[in-house]
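Here is the structure we will look at, set down as structure tokens.
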Amino acid sequence: MVKSYLRYSERGVFGVIASPSGNAVFDHSGKLSITAALESVIVWDIKKGTQVGRWSDSDNKAEVTCIGRSPNGKDYAVGYADGTIRLFDLDSNTVKVVLSGHRGRVTALEFDRTGMVLASGARDTDMILWDVVGEVGLYRLRGHKDEITGIAFVASGTTTAGAEAPSALHASSAGYVVSSSKDTLVKLWDLRGRHCVQTLATHRSEVWGLAVSPDGRLLVTGTSESSLRVWTLDVAKLDSLTSDRGEGEGADLASSDWEAISEYGAVQRASSDRVVGLKFHPSGQYFACAGADKQVEVFRARQQSEIKKKMARRQKRQREKGAAEDADDAADTVTASDELTPFKIIRTSAKPVSLDFGPAEVNSAIHVLVAQNNNSLHLWAVPVPPPGKTTKQAALGEPALASSVEMLGHRSEPRALALSSDNELVASAANKSLRVWNALTGSCVRTLECGTAVCAAFLPGDQHIVVGTRDGQLELYDIPAAALVETFDAHDGAACWSIDVRTDGKGLVTGGADKSVKFWDFELVRDNGRRRMTLVHVKTLKMADDVLAVKMSPDARLLAVALLDCTVKVFYADSLKLFLSLYGHRLPVASLDISSDSTLLVTGSADKSVKLWGLDFGDCHRSILAHQEPVTAVRFVWGTHYFFSAGKDKLVQQWNGDNFQRIQRLDQCHGDVWALAVAKHGNFVVASSQDRSIRVWEKTDEPLFVEEERERELEEMYDRGIEQEANAADVDEETHAGKATMDSLKAGERIIDALDVADEE
């Protein structure tokens, strides 16, 4: 009879506020933030710090890389790492359409002023224009040689600002698009002729972003240099030349007559690192630039009266110096630095990933939304002068943090996980933070400050948590009181790599980099008239090398210790005499576990293998090359010989320890998986990853057969190969917007079959 198992499916993911791979944008009201969160998009109420909605697609596993807002404020385009684009509706929180055309991660999304046309740029160097209403790709623009970093629509001079486009096809054939790329080029595209009409080749390094002012007059580009380049846009010149040429005139025009983008000057930045994001305020009076060095610079556009005063002062200085006439001419020309002046600097707590302006001023302040690479979201209020007043006339304060979303996630990756005995609480420990979560709802119950945590465990009764740090300390926390009870110097300043609560529930065992295994007992002591928990060091077992992992067998008979010399030593727990010495791994063992019947030992090593050992004679039952990268965690399911393994290849896998078959592969993580926790009878599995997420997979009633699972994986691999072949066949000649997917190929086959049936009939 064929052996069947029960499938695990993802129940939820929590701990992610804003992922560094994507950006965050305001909604049309300025109260909500649409934020990339790994493969999902989270809608945050920034003021309350609560999650309003979550956008996800069950068919998608790729990470969100870019978000674009439609002018109507309801539709949002979301680009993914696999090249797909999904349109979501803010009111219903549902996906409207999936657009497939790119072969690389989507890096830029921009709607035109009508909201009917969407332009997308990707790592595959192509730019595609999409008909949002017709849900179809219109055409592909090629010319860049590297990843596209920015796109902006420029309205044609012949179209009025309030005019409505009769159709998306008409809107996509009128006006211009500016694009920037890592190939150091900025290109201006004519949508009517679908070709490039001007290329700016003066940048000496990658162009990381661009922004066009709301009136379409200024273009700002940012590179890794310490200054921003500013250009003037005059597409009306192109419109007039194109119309003249259509009438047979202008055949002998000079090349400079076709240049709609002219150099305006440079604006010096305070930062010397590369540009991360550029954005104009909707009013056009303010401009922001985010750098890679924890600061966002806000520039102000001077009014015409201020520019005239500055020019008059400059001419006066020139006359006092007795300069020549050509110097007077130079003093009369207005440059970008005359119009755009540094205004305020926002000092962020981490490197910014993206920025966005609020739609309007609130209480004489503009709001700037900054997503940071440490899994946090900040809203800054920058005070601005009232209308009609200059910055000198109004006493303005410094930018202030108005609100933030920080409490629902770690600032750094969680390195340790622990489950309470009733499986209701999950503790995750990271650098400087310990958080306790409700395993069912994913809500954060407690937040505590800790050291650089590398391991953690719940104590019997689930009222206390002990955390081992990289400094060799044991930190004991009281969960109901949300307080640090006591700190113990356990391993003389060397890292405490592992903690295991003893089977009798009366103490715990720790292993550290000081080459020792230490035994601790729980005791109750009186402190200010109250009884509290403490740890008492009982005995020490000295080892020959650093201790990386310790585990007590469920029958309290054996103690397994993994050492830095790639061996595993098994001792009798009572006498601490050596029972077995297990050799076989080529690199150190990072994690180990013992089955509930105390007969099997599983070890996961940095040599990418998992080994199963018998604890009767120390024989190696099987060595499995389980992962493509080092194995970080292994855990048995209580009452069975099934176990889970996790590695740096972003995978969590379930195995059968009796027949050594892989049962299931869970591949939803987007970073190295650091820690693993399995509920009592395998009801659910929790994993923490380098992407700062904590994922929960729940056991379902759906049966799983190993042979069918292997066939499904092979079919997916085969389908991916067919897609790649279909898309690679005409990659050089192809100019249409779409790309072949498995759904489109199957649909084409069904159409051919239907035509064959029609011919026969």
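Before moving on, here are some points about what is shown:
- Placing unit charges on the Cβ atoms of the charged side chains and taking the dipole of the chain about its Cα centre, the candidate lying farthest along the positive direction among G265, S56, G150 is G265.
- In the chain, taking the dipole from charged Cβ atoms about the Cα centre, the farthest positive-side position among F660, G291, S21 is held by G291.
- Once the Cβ-Cβ distance of Q303 and A236 is raised to the sixth power relative to R0 = 25 Å, the FRET efficiency obtained is 0.55.
- Lys, Arg +1 and Asp, Glu -1 on Cβ, resulting dipole of the range 60-123 about Cα centre, debye, nearest 20: 180
- For the range 661-716, relative contact order (Cα pairs under 8 Å, six or more residues apart, normalised by length) works out to 30 percent.
- Heavy atoms of T348 accessible to a 1.4 Å probe, total area in Å² rounded to 10: 10
- Here the dipole of the range 481-574 is about 320 debye; that uses its Cα centre as origin and unit charges on the Cβ of Lys and Arg (positive) and Asp and Glu (negative).
- Extending 7 Å from Cα along the Cβ direction at E135 and again at K506 yields two label points whose distance is 6.8 nm.
- Whole-Å distance, taken between Cα centres, linking the range 75-141 and the range 184-235: 21
- Simple rule: put +1 on each Lys or Arg Cβ and -1 on each Asp or Glu Cβ in the chain, find the dipole, and look at G104, F684, S498; the Cα lying farthest toward the positive end is S498.
- Against the set [x] 99, 86, 43; [y] 167, 77, 45; [z] 113, 75, 62, the structure's computed Cα extents along the principal axes in Å falls on [x].
- Using a cutoff of 8 angstrom between alpha carbon atoms and counting only pairs six or more residues apart, the relative contact order for the chain works out to 9 percent.
- Note on the range 347-436: Cα Rg divided by 2.2 N^0.38 Å, N the number of residues, gives 1.56.
- Cα-based reach from K680 at 18 Å (exclusive), listing lysines while leaving out same-chain residues under 8 positions away: K551, K699
- Positive contributions from Lys and Arg (+1) and negative ones from Asp and Glu (-1), summed over other residues with Cβ under 11 Å from the Cβ of V177, come out at -1.
- Within the chain: Cβ-based charge dipole about Cα centre, in debye rounded to nearest 20 (Lys, Arg +1; Asp, Glu -1): 3580
- Placed amide H near T149: partners under 5 Å, 5+ positions off or other chain: S180, S181, K182
- By accessible area, using a 1.4 Å probe on protein heavy atoms only, the chain has 48% of its surface on carbon and sulfur.
- For the range 588-680, averaging the sequence separation of C-alpha pairs within contact (under 8 Å, six or more residues apart) and dividing by the residue count gives a relative contact order of 22 percent.
- Listed by chain and number, the aspartates and glutamates whose alpha-carbon sits under 19 Å from that of K506, ignoring those within fewer than 8 places in the same chain, are D422, D462, E475, D478, E486, D521, E523, D555, D574.
- Working note: 222 nm ellipticity from helices only, DSSP H runs with n ≥ 4, each -39,500 (n - 2.57), summed and divided by the residues of the chain, gives -3500 deg cm²/dmol to the nearest 500.
- Treating r as the C-beta distance of A312 and E263 and R0 as 30 Å, the FRET efficiency rounds to 0.75.
- Membrane-span-like helices in the chain (whole DSSP H runs, Cα extent of at least 20 Å along the helix axis, mean Kyte-Doolittle hydropathy of at least -0.5): 742-760.
- Close amide-amide hydrogen proximity is noted between H281 and Y286, F287, A288, each under 5 Å apart and 5 or more residues distant or on a separate chain (H modeled in the peptide plane; Pro and chain starts excluded).
- Sequence-distant lysines (8 or more away, or on other chains) whose Cα lies within less than 21 Å of K648: K61, K608, K611
- Mean-position separation - Cα centroids, the range 451-523 and the range 278-314, in angstrom: 54
- Compared with the direct C-alpha span, the chain from V757 to T199 gains 195.6 nm at full extension, assuming 0.36 nm per residue.
- Accessible area in square angstrom per residue, the chain, 1.4 angstrom probe: 44
- Sites R347 and V445 - FRET efficiency at Förster radius 30 Å, r taken between beta-carbons, to 0.05: 0.40
- Between A395 and D215, residue separation times 0.36 nm minus the direct Cα-Cα distance comes to 61.9 nm.
- Across the chain, the longest piece that holds none of the chymotrypsin sites (Phe, Trp or Tyr not before Pro) lying in DSSP loops with up to 12 other C-beta atoms within 10 Å covers 1-582.
The values are calculated or read from the model by the stated rules, or taken from the named source; none is laboratory data. Computed from a predicted structure; not experimentally measured. Backbone-built Cβ (ideal geometry, glycine too); neighbour counts: all protein chains shown. Each accessible area value is taken on the protein alone, full model and side chains, heavy atoms only, with ligands, DNA and RNA left out. Shrake-Rupley method; radii C 1.70, N 1.55, O 1.52, S 1.80 Å.
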